[in-house]
Amino acid sequence: MPLGVRLLIPLGLVSTAALGADDPIRIRYNNPGVTVDLGVGLWAWPLPMDYDGDGDLDLVVSSGGVPYEGTYFFKNDSSPRSRTAMPVFRPGVRIGEYRTNAQISHIDGREPVVMTPGQEHPQFLERAFSRPAALPLRVEDVHAARGRVRANQWKRIDWEADGDLDLVVGVGDWTEYGWDDAYDSAGNWTNGPLHGYVYLALNDGGGNYSQAVKVSAGGRPVDVYGMPSPSFADFDGDGDLDLICGEFLDGFTYFENVGTRRAPRYAAGRRLLSAGRPVAMDLQMITPTAVDWDRDGDMDLVAGDEDGRVAFVENLGRSAAGMPAFAQPQYFRQRAEFVKFGALATPVGFDWDGDGDEDIVAGNSAGYIGFIENLDGGSPPKFAAPVRLAAGGKTIRIQAGDNGSIQGPGEAKWGYTTISVADWDGDSLPDIVANSIWGRIVWHRNVGSRSKPVLEPARPVAVDWGGEPRRPEWNWWLPADNELVSQWRTRPVVTDWNRDGLQDIVMLDHEGYLAWFRRARRNGKLTLLPAQRIFFGAAESGFDRRHEIVDRTRGPLRLNADRAGKSGRRKIDLTDWDGDGAVDILVNSAAVDWLRNAGGENGRFLFQQKGALTSRRLAGHTTSPTTVDWDGNGARDLLIGAEDGFFYWLENPLIP
């Protein structure tokens, strides 16, 4: 998953005991007949196979992402005779634990082989990953890295067509890339690239393996941009084994076998193209594997994405100059079960279409903003499939590109949108205010109607700084005059904090303190003023270098004291959680923590850290809290967007 801190630890709590006894409930579509993108949790490792033995290919997908992690079986619900390439699958059924780097090899009509690093799983259909058979090689025997190995992908291949099965290992090496904060003042990455190598260890026929060596192409070792996911198959139909690799980003590299079936030799890599455009997945951290999915005699690709979706990349059965033709990815569909919007979903409960019930509007890791319509106002509601919102006629998608993420160009396709929905310009129509991987706060003006919103392209949220704009000191780029820039991936909450009829913003400032950006009317115009640190706590909480809590003297609430890639990341919501008339703070943690408003004086507000609202762990990276009143009882209940992209509801136990 994304780089940087793995877990946002709860905020220096006196006690981490849950205050509510109930587990959060994963919300359902409650909408029979609707179909959505097939999806698991965070990161999809697809294992296409006939899992149920009925003659067609199903999808088994291993996936991380708390709390959905596991390995799931999606049944192909079409008739085996139909041979449709794009069936609608049944919802996933958990069949085993999550195993990262899970790989499957389809070899010359034999039974598929499922592997994880250093292990084979010969009883996979009966026992999933619970009965592994150890191999005589370890990743340390294959690749000696000075730094960090992430991808560690083991597969089978009959390399020299002698009937025994050899080993192929794809290795993603991050040694030169480092971690984060390595741009110069012009935005150039000064660390090295990601590396993705492919190793071969030959079987002597008796289960003993040669020393693993790097596979070469064009006279040099194969080296793609991290996470190679190597697949050897006859992709161009000439009878020998070619190689296609994925990468940590979104593309595919083809290496033609210019040798023979018994003595492979590979040409330099070329990007797979479709009608002249690179074949590319929608997101990144892709996990392709080769299989004849559509049963037409050529080898296709089935690939997973970081957000848990899985796509079919069809081999069109044509080639020119040794280059096979592939179609652009088509994402598989399933019967809807649990509501999901990508990964690291960041919801807001809001009546977006003005029909009287609360919908879900959300951002996600891919940088989209989505609308999930509440169709009936019931409790629980019936939901429509997510729709990506557009602005100026184009789908909204914020992405880092080459230098928008402090953690480097390896995060080019992530966006991490986190939003508020509110009437920002005072015209009685709800707009969208958003932050992202960049830390730039922007807003989309609604120029439609209350029932049919129409958004304009993003424009910066302006602050009357009265001088140089503030920014995190590690940002290589400078804000424009009056531009509001904060720490990345932290939610801007639009609220009328001082109840003067004007919408303010409460969010982390450029140094990680929770701050109030007050709105004022000057010379007949709305003006946003510089941050004021008016929120105080019993402790200033942050992270030390080991990601442990640091408690200092009472002072302004600093919800993240760390820097660069470990900065920001805070998702907050403001609500009167306990019904005492004062606005409290809900903040992401391993689940969601409650900071109770204990009153204010002299323009300062004191917050007591009351603990986690549930003991269930909902994040390895982050959660995102909001509130809804779907049951119509006047109490705001908790809705949590989790890293797995699903949404979890918890009834407020403090208000009858």
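The values are calculated or read from the model by the stated rules, or taken from the named source; none is laboratory data. Model, not experiment: these values are computed from the prediction. All Cβ positions, glycine included, derive from the backbone under ideal geometry; neighbour counts span all protein chains shown. Note: accessible area is taken over every heavy atom of the protein model, side chains too, but ligands, DNA and RNA are not part of it. Shrake-Rupley method; radii C 1.70, N 1.55, O 1.52, S 1.80 Å.
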Qualifying residues in the stretch 297-325 (those that are without any contact (Cβ under 8 Å) to a residue 60 or more places away in the chain and more than 22 Å from the chain's Cα centre (by Cα)) - the one surrounded by the most Cβ atoms within 10 Å (Cβ to Cβ)
D300
Can you say whether A590 is more than 23 Å from N374 (Cβ to Cβ), part of a loop (DSSP other than H, G, I, E, B) and touching a Lys or Arg at 6+ places or on another chain (Cβ under 8 Å), as far as the supplied structure shows?
yes
Going residue by residue through the stretch 348-359, is there one that turns out to be at pLDDT 95 or above, open to solvent by less than 20 Å² (accessible area, probe 1.4 Å) and under 18 Å from the mean Cα position of the chain (by Cα)?
yes
Taking only the stretch 544-589 into account, find how many residues are at pLDDT 95 or above, surrounded by fewer than 14 Cβ atoms within 10 Å (Cβ to Cβ) and farther than 24 Å from D496 by Cβ.
0
Here's a check for you: in the stretch 631-651, which residue that is more than 27 Å from the chain's Cα centre (by Cα) and open to solvent by 10 Å² or more (accessible area, probe 1.4 Å) is nearest to F350 (Cα to Cα)?
R636
Of the residues G178, G206, G192, which single one is in a loop (DSSP other than H, G, I, E, B), free of Cβ contacts under 8 Å to residues at least 12 places away in the same chain and of a type outside the set (F, W, Y)?
G206
Within the stretch 431-473, take every residue that is open to solvent by 50 Å² or more (accessible area, probe 1.4 Å) and part of a strand (DSSP E or B) and give me the one that is farthest from A391 (Cα to Cα).
A462
Would you mind telling me which numbered condition in (1) over 31 Å from the mean Cα position of the chain (by Cα); (2) without any contact (Cβ under 8 Å) to a residue 60 or more places away in the chain W465 fails?
(2)
Answer from R262, R277, R271 - the residue that is more than 20 Å from H195 (Cβ to Cβ) and within 26 Å of the chain's Cα centre (by Cα):
R277
For the stretch 610-644, which positions are part of a strand (DSSP E or B) and either out of contact with any Ser or Thr (no Cβ under 8 Å at 6 or more places or on another chain) or charged (D, E, K, R) (or both)?
K610, P625, T626, V628, D637
Step by step: first the residues of the stretch 500-519, then only those that are farther than 21 Å from L429 by Cβ and open to solvent by 10 Å² or more (accessible area, probe 1.4 Å), then the one that is farthest from the chain's Cα centre (by Cα). Which residue is that?
R518
Given S405, S428, which one is at negative phi, hydroxyl-bearing (S, T, Y) and not in a strand (DSSP E or B)?
S405
Here is a check on your reading of the model: is R440 modelled with pLDDT of 95 or more, of a type in the set (K, R) and in contact with a Lys or Arg (Cβ under 8 Å, 6 or more places away or on another chain)?
no
Going through the stretch 555-605 one residue at a time, which ones are among the small types (G, A, S) and within 21 Å of the chain's Cα centre (by Cα)?
A564, G565, S567, G568, S589, A590, A591
What number of residues within the stretch 396-407 satisfy the criterion of being more than 16 Å from the chain's Cα centre (by Cα), in contact (Cβ under 8 Å) with a residue 60 or more places away in the chain and within 17 Å of A564 (Cα to Cα)?
3
Please go through (1) touching a residue at least 60 places away in the same chain (Cβ under 8 Å); (2) assigned to a loop (DSSP other than H, G, I, E, B); (3) open to solvent by 10 Å² or more (accessible area, probe 1.4 Å) for V421 and return the number of the only condition it doesn't satisfy.
(2)
Go through the stretch 211-260 and give me each residue that's surrounded by fewer than 23 Cβ atoms within 10 Å (Cβ to Cβ), over 27 Å from D307 (Cβ atoms) and charged (D, E, K, R).
K214, R220, D234, D238, D240
For residues in the stretch 38-51 being touching an Asp or Glu at 6+ places or on another chain (Cβ under 9 Å) and farther than 21 Å from G620 by Cβ, which is surrounded by the most Cβ atoms within 10 Å (Cβ to Cβ)?
P48
Counted residues, the stretch 187-210 - those being small (G, A, S), under 37 Å from the mean Cα position of the chain (by Cα) and open to solvent by 30 Å² or more (accessible area, probe 1.4 Å)
0
Could you tell me whether any residue of the stretch 609-618 is touching a residue at least 40 places away in the same chain (Cβ under 8 Å), surrounded by fewer than 24 Cβ atoms within 10 Å (Cβ to Cβ), basic (K, R) and farther than 20 Å from D22 by Cβ?
no
Selected residue [at pLDDT 95 or above, of a type in the set (S, T, N, Q) and surrounded by fewer than 24 Cβ atoms within 10 Å (Cβ to Cβ)] from Q284, Q328
Q328
Does G512 satisfy being in contact with a strand residue (DSSP E or B) (Cβ under 6 Å, 6 or more places away or on another chain) and at pLDDT below 95?
no
Single residue of G415, G393 found to be buried (at least 23 other Cβ atoms within 10 Å of the Cβ), small (G, A, S) and free of Cβ contacts under 8 Å to residues at least 60 places away in the same chain:
G415
Between N633, N588, N652, which is of a type outside the set (D, E) and without any contact (Cβ under 8 Å) to a residue 60 or more places away in the chain?
N633
